[in-house]
1. Starting from region 1-109, pick out the trypsin sites (Lys or Arg not before Pro) whose DSSP state is loop and whose Cβ has at most 12 other Cβ atoms within 10 Å.
2. How many Å² of accessible area per residue for the chain, probe 1.4 Å?
3. Hey, any idea what % of the chain's accessible area is carbon plus sulfur with a 1.4 Å probe?
4. Volume per residue, Å³, of the convex hull around the alpha-carbon atoms of the chain?
5. Report, to the nearest 10°, how far helix 42-61 tilts away from the longest principal axis of the Cα atoms in the chain, using its own Cα long axis and a range of 0 to 90°.
6. Could you pull out every one of the lysines with an alpha carbon less than 16 Å from that of K88, ignoring same-chain neighbours closer than 8 positions?
Amino acid sequence: MWGRNVYDSISKFLQFQLTVNIVAVIVAFTGACITQDSPLKAVQMLWVNLIMDTFASLALATEPPTEALLLRKPYGRNKPLISRTMMKNILGHAVYQLTLIFTLLFVGEELARSRCSAHRQLGS
């Protein structure tokens, strides 16, 4: 039961970490290529990694095993740690996060200006 719980926790941790790191690298690289300046500075990247590592580790290390873990078949020795479903989840979440971040990075200022002008017009 504990072994299956550890395996599941490691899989969840890897999925979370790979998603965060893929997004951070793509944002830093693409932002640096397009804006000639990295949107995430070195210290900001360190903080992102520190926070993501700490909270993910705490959340997954404190998850207790359940009896339901014993109801499923054990994984084989040759089963990959990152399954096809996990890869789809990683890529799907990364695309969602990148869409949101790039929207804020490249169109965020115009969105904020238009909302402020709309708010001023409503207040008048």
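1. Passing sites in region 1-109 are K41, R72, R77.
2. 75
3. 68
4. 173
5. Approximately 40 degrees, to the nearest ten.
6. Within reach: K12.
The values are calculated or read from the model by the stated rules, or taken from the named source; none is laboratory data. Just so it is clear, the model here is predicted, and its values are computed rather than measured. Cβ sites come from the backbone with ideal geometry, for glycine too, and all protein chains shown count toward neighbours. What goes into the accessible areas is simple: the full protein's heavy atoms, side chains included, and nothing from ligands, DNA or RNA. Shrake-Rupley method; radii C 1.70, N 1.55, O 1.52, S 1.80 Å.
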